[in-house]
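So the structure is just underneath, and the comments pick up after that.
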């Protein structure tokens, strides 16, 4: 007999509750634990069926049930299938969205430069402020475990962990529950030393595995990731006599071509954004030395799920600030919509 949806949910609830408490699970607990809205009597009947089918056991009379090896196997196989499918879908979506995002942001930089007649830059959205969505540990082969970490923005990091002793299904599930219970929904800034110590204490003899997973989590949402920046309109600076001096112009053009110096501008924008998300640097206020004779206006944009990037417009100090700020405010409100629409196109 195959498990129907109701039996599957009850079995999963029994296993999750037992993994969390280590105590046999009764029908009253399950009635509060699931969203099935079933009576205790109905749940008892379903649990009796599950026991007859060999998925759960009753350790002694009048006690609740605990999972059997067959129950654990069903739970693990179902869980792994769901997680693997989710990870594959996320990876496919991420690759598709990355291509579309690059095209979109290059076009945004080009349109901004053409519209303002100044130089423009757009940074790809950073994910380092994102939060953990879920963590999945699974066996790869003898002595190795795969840690899959997914953060908001559907960024996926995989890390192979070496283990000195084999971990059974129950131990892996307990570690998954431990990690996800404590870390899901948190950013790197919210994962403090006290929390890490508590997780390691609960991990017991598997503290080394937890330590490696924590390192992988930090790496997945670290702040020093590579930053992609798209530029356009650098030659527009020659339109303005005060910037067209050969040495000044060459230095500015080099800044736009090399792009590394622009990262400080992006980081400044993200770290110091005001309520408006728009900042104006005039002359010496800019963090980029080659732009000391310019004015720079930046805006922070967001592409869903907390992924933030920067749009910057660089021009002479006598730039049309009203037009520039208006352009950036329009882009702030439209870019997320443009991105979503672009992602729907074939």
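The values are calculated or read from the model by the stated rules, or taken from the named source; none is laboratory data. Everything numeric in this text was worked out from a predicted model, so none of it was measured. Methodologically, a virtual Cβ is constructed for each residue, glycine included, from the backbone with ideal geometry; neighbour enumeration extends over all protein chains shown.
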Please state which of the following conditions residue 21 fails to meet, knowing it meets all the rest: (1) within 28 Å of the chain's Cα centre (by Cα); (2) surrounded by fewer than 18 Cβ atoms within 10 Å (Cβ to Cβ).
-> (1)
Considering residues of the range 294-346 that are part of a loop (DSSP other than H, G, I, E, B) and in contact with a helix residue (DSSP H, G or I) (Cβ under 7 Å, 6 or more places away or on another chain) only, the residue modelled with the highest pLDDT | 317
Scan the range 112-142 for residues that are modelled with pLDDT under 80 and in a loop (DSSP other than H, G, I, E, B) and report the count.
-> 7
Does the range 30-46 hold any residues that are in contact with a helix residue (DSSP H, G or I) (Cβ under 6 Å, 6 or more places away or on another chain) and part of a helix (DSSP H, G or I), and which are they?
-> 30, 31, 33, 40, 43, 44, 46
Among residues of the range 17-29, those that are touching a helix residue (DSSP H, G or I) at 6+ places or on another chain (Cβ under 8 Å) and assigned to a helix (DSSP H, G or I), counted | 6
Of the residues that sit in the range 64-96 and are touching a helix residue (DSSP H, G or I) at 6+ places or on another chain (Cβ under 6 Å) and under 24 Å from residue 150 (Cα atoms), which one is modelled with the lowest pLDDT?
-> 76
